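One structure is given here, and the rest of the page talks about it.
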Amino acid sequence: MKLITLLLLSLTAQSTWASEGFTWLHGVAVSTGLAEHTVTFIFTALIFIVGGLVYRMQTKSVEGSVVPDNKVSYRNVIEFIGEFIYKLAKETMGEKEARLYFPLMIFYFGYIFLNNLIGLVPGFLPPTENFNTGLALGIWIFLYYNAMGVKVQGLVGHIKHFAGPMLAMAPLIFVLEIISHAMRPLTLGLRIRGNMMGDHTVLAIFSDLVPYIVPLPFYLLGIFVCFMQAFVFTLLSMIYISMAVETHDHEEHAH
Amino acid sequence: MEGQGLIALAAAITIGLAALGGTAAQGKAASAALEGIARNPEAQGKIFTPMILGMALIESLVILGFVIAFMIQGKI
């Protein structure tokens, strides 16, 4: 217990880059008494909502929602991302499940991507750099796929899923499965936190060394890392959900 | 203090070994995937997703190593 407390304390501590240097939302964070990453998280939520409303307005008319624009526009970019995630969901979960779980998955991808990207804007800290954010997102996925597993297969069916194929081996496998499932939200949160912190630290160090031109390749790398982490998070969530809701017995399990 | 140096060394060795093993395994996964793509370029889309998945699962153990290193570092 003491170890866990120590772990959580050391991981949730504000990063060293937060305490020094200028950030745009520092005044808001001080005046509201919230942590800096929480304020940034709310800020990105506002951007996300406004972006969604703008997209909704552009596709309001029946004719406008069917015919796509014939140039690179805001709407086409949004639809490109949506199509990309939908194709991924179809590949990993199957046609019927993809339709069901697509809204949550596109929210996760878009929101995490936006949260990662805002760290590349000078004067913003990415909220995903903090372990609390990643853990919150991971725990929600954990609760969601367990709830969906119970909903689709029933409570007994979902628990049977943990026991493995052989009855004699069940007590052993049950313990292993419980541990591996309990690790999932933790690793989801830690992966995004570690990668974003590493990326942001590299960027900060190179910007400190030479402020102009030299950090540019690291910005490119940063965009790639931002995309990759959002992608991996979404992909793993999809796999977890599809593993929890699959009705027929599969021999192979990825852990 | 002598103990502090040892703790710092322990943290460095932890993350170093974790990164060594993880990158070796990820390199193997990437090389196998690239070989598959080179032999059959059309399969790129189908190979890509399982490769990323495997890499993420390999990486999770490295991340656990990173957590341990972080905890050790917190004791300095």
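For residues that are surrounded by fewer than 11 Cβ atoms within 10 Å (Cβ to Cβ) and either within 14 Å of chain B (Cβ to nearest Cβ) or under 26 Å from A:ILE205 (Cα atoms) (or both), scanning just the range A:17-45, find the one that is modelled with the lowest pLDDT. Step through it out loud before you land on a result.
Within the range A:17-45, the first condition is being surrounded by fewer than 11 Cβ atoms within 10 Å (Cβ to Cβ), and the residues that meet it are A:19-20, A:22, A:27, A:31, A:33.
Then drop every residue that is not either within 14 Å of chain B (Cβ to nearest Cβ) or under 26 Å from A:ILE205 (Cα atoms) (or both), which leaves A:19-20, A:22, A:27.
On the way: A:SER19: 47, A:GLU20: 58, A:PHE22: 74, A:GLY27: 76.
By that ranking, first place goes to A:SER19.
For the range A:91-139, give me the residue count where each residue is of a type in the set (Lys, Arg) and crowded, with 16+ Cβ neighbours inside 10 Å.
Taking the range A:91-139 as the starting set, the residues that turn out to be of a type in the set (Lys, Arg) are A:96, A:99.
When the remaining residues are screened for being crowded, with 16+ Cβ neighbours inside 10 Å, the result is none.
Residues meeting the conditions: 0.
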Q | Cβ-Cβ under 7 Å pairs, at least 6 apart or on other chains, the range A:218-239 side away from chain B (no Cβ under 12 Å) and part of a helix (DSSP H, G or I), far side among the charged types (D, E, K, R) and surrounded by 18 or more Cβ atoms within 10 Å (Cβ to Cβ) | A | A:GLY222/A:ASP199; A:VAL225/A:ASP199
Q) Any residue in the range B:6-23 that is within 30 Å of A:PHE84 (Cβ to Cβ) and either in contact with a His (Cβ under 9 Å, 6 or more places away or on another chain) or not polar (S, T, N, Q) (or both)? A) yes
Q: Given the conditions (1) at the interface with chain A (Cβ under 9 Å from one of its Cβ atoms); (2) surrounded by fewer than 17 Cβ atoms within 10 Å (Cβ to Cβ), report the number of the one that B:ILE63 does not fulfil.
A: (2)
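Every residue, every condition in (1) surrounded by 13 or more Cβ atoms within 10 Å (Cβ to Cβ); (2) polar (S, T, N, Q); (3) within 20 Å of the chain's Cα centre (by Cα), yes or no:
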{"site": "A:PRO165", "(1), (2), (3)": "no, no, no"}
{"site": "A:LEU188", "(1), (2), (3)": "yes, no, yes"}
{"site": "A:GLY198", "(1), (2), (3)": "yes, no, yes"}
{"site": "A:VAL210", "(1), (2), (3)": "no, no, no"}
{"site": "A:VAL214", "(1), (2), (3)": "no, no, no"}
{"site": "A:CYS226", "(1), (2), (3)": "yes, no, yes"}
{"site": "A:SER237", "(1), (2), (3)": "yes, yes, yes"}
{"site": "A:SER242", "(1), (2), (3)": "yes, yes, yes"}
{"site": "A:VAL245", "(1), (2), (3)": "yes, no, no"}
(Q) Can you confirm whether A:ASN116 is among the polar types (S, T, N, Q) and either in contact with a helix residue (DSSP H, G or I) (Cβ under 7 Å, 6 or more places away or on another chain) or assigned to a helix (DSSP H, G or I) (or both)? (A) yes
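Suppose we keep only residues that are of a type in the set (Gly, Ala, Ser) and within 30 Å of A:SER207 (Cα to Cα) within the range A:222-255. Which one would you say is modelled with the highest pLDDT?
A:ALA230
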Q. Is there any pair with a first residue in the range A:140-168 that is farther than 17 Å from A:SER237 by Cβ and a second that is of a type in the set (Asp, Glu) and modelled with pLDDT of 85 or more whose Cβ atoms are under 7 Å apart and which are 6 or more apart or on different chains, and what are they?
A. A:PHE162/A:GLU177
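Here is a yes/no grid of residues against (1) small (Gly, Ala, Ser); (2) facing chain A (nearest Cβ under 10 Å); (3) touching a helix residue (DSSP H, G or I) at 6+ places or on another chain (Cβ under 6 Å); (4) without any contact (Cβ under 8 Å) to a residue 60 or more places away in the chain:
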| residue | (1), (2), (3), (4) |
| --- | --- |
| B:LEU17 | no, no, no, yes |
| B:GLY27 | yes, no, no, yes |
| B:ASN40 | no, no, no, yes |
| B:GLN44 | no, no, yes, yes |
Q) What single numbered condition from (1) within 13 Å of another protein chain (Cβ to nearest Cβ); (2) crowded, with 18+ Cβ neighbours inside 10 Å fails to hold for B:ILE68? A) (2)
**Q.** Residue that is facing another protein chain (nearest Cβ under 9 Å) and at pLDDT 85 or above, where the choices are B:GLY54, B:GLY21
**A.** B:GLY54
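The values are calculated or read from the model by the stated rules, or taken from the named source; none is laboratory data. Keep in mind that what you see is a predicted model, and the values were worked out from it rather than measured. Cβ: placed from backbone, ideal geometry, glycine included. Neighbour counts: every protein chain shown.
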